[in-house]
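The values are calculated or read from the model by the stated rules, or taken from the named source; none is laboratory data. Fair warning: this is a prediction, and the values are worked out from it, not measured in the lab. Note that each Cβ is placed from the backbone with ideal geometry, even for glycine, and that neighbours are counted across all protein chains shown.
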Amino acid sequence: MPAVIAASYINPAMFEIHVAGRCLHAPAGSNLLDQLLQAGLPISYSCRSGHCQSCLVRAEHHAVPDQARAPLSPALQAEGWLLACQCPVQQDLHLRLYDPAKDGLPAQIEALTALAAGVLRLRVRPARALRFHPGQHLVIWLPCGTARTFSIASQTDSPILEFHVQQRAGSQFCERLLQLGVGAPCHLGNASGHLYYQADWQDRPLLLLARGTGLTPLQAIARDALHQGHEAGITLWHWQRGEAPCYLQEELDALAQAYPSVHLQLRQPHQLDDDLRRLKAPSRRALALVCGASAFVEQLGKPLFLAGLGRGQVLQEVFAKR
């Protein structure tokens, strides 16, 4: 008689997550952000790739996986912060959620102005100076707990931080921002991101390509480059959403008049495909900086390669739609 092999179901290992006065049970290897969201805990998130750094939580008294800490600054790592979206649950955890009132930088909404193409210019005055590079991004927390990540449009010598907010139907952040208005308080997270001007770019032509509010960090980087005495040319391509003119056209025209090395290509959406077909790198040493929604960034991959730019010559920043 053949042997009968009985199969038994073995439950995967479960770990405890102690957070906000609760004890959650999570399967081994599950994603920490998913577990916190499923429990209904108030944690901000956006890109889920570790880039926006909005899903910060603090681990107490034990080590965490390196991948959950690697994107953060050494200072944040030393304080025990990690990114929930990058953290697999591999052990019991004691966590503290990010509290913008305690952990963030207090600020006040200084101005809110409508620009072209449904873009809002948001100006914020922080309670103290914020360390950042033009082109980096940070999380803005509104009093109701709504938060979004935005690129910084300002230069470091300005006491006011500027952001460009694309108005979208159903956006809780935009709705709440307009309800609050000028004078309302908010809180700012730490500045982060790899997309900013580097000193060794001085003699390398810059090809800046953006769609929509992807223009925000790139124009900031262009201004920073000029302030640092950038010696090579800067070509800025921008494709506006809809048929409205570029929402920063006047400012950019003034910049190009002041600096002859700046060349503008302010285009409409229907011109994008033709523009990409004739795209050329200004030199073999050029660097391309690309910023916009994921579909736009992906669309530029092949044209930039055909234009003569290798993978190491292209820096990208993808905007999450959430």
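Taking the condition of being assigned to a loop (DSSP other than H, G, I, E, B) and surrounded by 15 or more Cβ atoms within 10 Å (Cβ to Cβ), how many residues in the stretch 47-58 meet it?
Residues of the stretch 47-58 assigned to a loop (DSSP other than H, G, I, E, B): 47-55.
Then drop every residue that is not surrounded by 15 or more Cβ atoms within 10 Å (Cβ to Cβ), which leaves 47-48, 50-55.
Residues that pass the stated criteria total 8.
Output the number of residues of the stretch 66-87 satisfying the condition of being outside any helix (DSSP H, G or I), surrounded by 14 or more Cβ atoms within 10 Å (Cβ to Cβ) and hydrophobic (A, V, I, L, M, F, W, C). Explain how you work it out, then say what you get.
Quick first cut of the stretch 66-87, residues outside any helix (DSSP H, G or I) only: 70-73, 79-83, 87.
Subset that is surrounded by 14 or more Cβ atoms within 10 Å (Cβ to Cβ): 71-73, 80-83, 87.
Restricting the remaining residues to those that are hydrophobic (A, V, I, L, M, F, W, C) gives 72, 81-83, 87.
Going through the stretch 66-87 one residue at a time, the tally reaches 5.
Which condition number in (1) more than 14 Å from E162 (Cβ to Cβ); (2) out of contact with any Lys or Arg (no Cβ under 9 Å at 6 or more places or on another chain) is the one that W239 fails?
(2)
Name every residue in the stretch 210-224 that is over 16 Å from the mean Cα position of the chain (by Cα) and surrounded by 24 or more Cβ atoms within 10 Å (Cβ to Cβ), in order of residue number.
We begin by selecting, within the stretch 210-224, every residue over 16 Å from the mean Cα position of the chain (by Cα); these are 222-224.
Residue satisfying the conditions is A222 alone.
It is to be established whether one or more residues within the stretch 157-174 are touching a Gly at 6+ places or on another chain (Cβ under 7 Å), touching a residue at least 12 places away in the same chain (Cβ under 8 Å), in the same structural domain as R267 (by TED's automatic domain parsing) and closer than 22 Å to E298 by Cβ. So that I can check it myself, show each step before the final result.
Pass one, the stretch 157-174, residues touching a Gly at 6+ places or on another chain (Cβ under 7 Å): 166-167.
Adding the requirement that they be touching a residue at least 12 places away in the same chain (Cβ under 8 Å) leaves 166-167.
This time we only want the ones that are in the same structural domain as R267 (by TED's automatic domain parsing), so: none.
No; the residues of the stretch 157-174 include none that is touching a Gly at 6+ places or on another chain (Cβ under 7 Å), touching a residue at least 12 places away in the same chain (Cβ under 8 Å), in the same structural domain as R267 (by TED's automatic domain parsing) and closer than 22 Å to E298 by Cβ.
Suppose we filter H25, H61 for residues that are touching a strand residue (DSSP E or B) at 6+ places or on another chain (Cβ under 9 Å) and not in a loop (DSSP other than H, G, I, E, B); which single one remains? Give the steps one after another, and end with the answer.
On the way: H61 fails: not in a loop (DSSP other than H, G, I, E, B).
Checking each option against the conditions leaves just H25.
Return the pair list, or none, for Cβ contacts closer than 6 Å from residues in the stretch 112-133 that are at positive phi to residues that are among the aromatic types (F, W, Y), at least 6 apart or on different chains.
A117/Y247
Can you name the residue in the stretch 19-46 that is small (G, A, S) and crowded, with 19+ Cβ neighbours inside 10 Å and, of all such residues, is nearest to W81 (Cα to Cα)?
Going through the stretch 19-46, the residues small (G, A, S) turn out to be 20-21, 26, 28-30, 39-40, 44, 46.
Adding the requirement that they be crowded, with 19+ Cβ neighbours inside 10 Å leaves 26, 44, 46.
Values: A26: 20, S44: 14, S46: 17 Å.
The extreme case among them is S44.
If you check E231, E175, E250, which single one turns out to be closer than 29 Å to Q271 by Cα, of a type in the set (D, E) and surrounded by fewer than 17 Cβ atoms within 10 Å (Cβ to Cβ)? Even if it seems obvious, please write down each step before you answer.
Details: E231 fails: closer than 29 Å to Q271 by Cα; E175 fails: closer than 29 Å to Q271 by Cα.
Only one candidate passes the filter, namely E250.
Could you list all residues from the stretch 234-268 that are of a type in the set (F, W, Y) and more than 24 Å from the chain's Cα centre (by Cα)? Working first, answer last.
Initial filter on the stretch 234-268 (of a type in the set (F, W, Y)): 237, 239, 247, 259.
Y259, the sole residue that qualifies.
If you check A63 against the conditions, is it crowded, with 18+ Cβ neighbours inside 10 Å, at pLDDT below 95, farther than 20 Å from T149 by Cα and not assigned by TED's automatic domain parsing to the domain that holds L266?
Values: crowded, with 18+ Cβ neighbours inside 10 Å: no; at pLDDT below 95: yes; farther than 20 Å from T149 by Cα: yes; not assigned by TED's automatic domain parsing to the domain that holds L266: yes.
So A63 does not fit the description; no.
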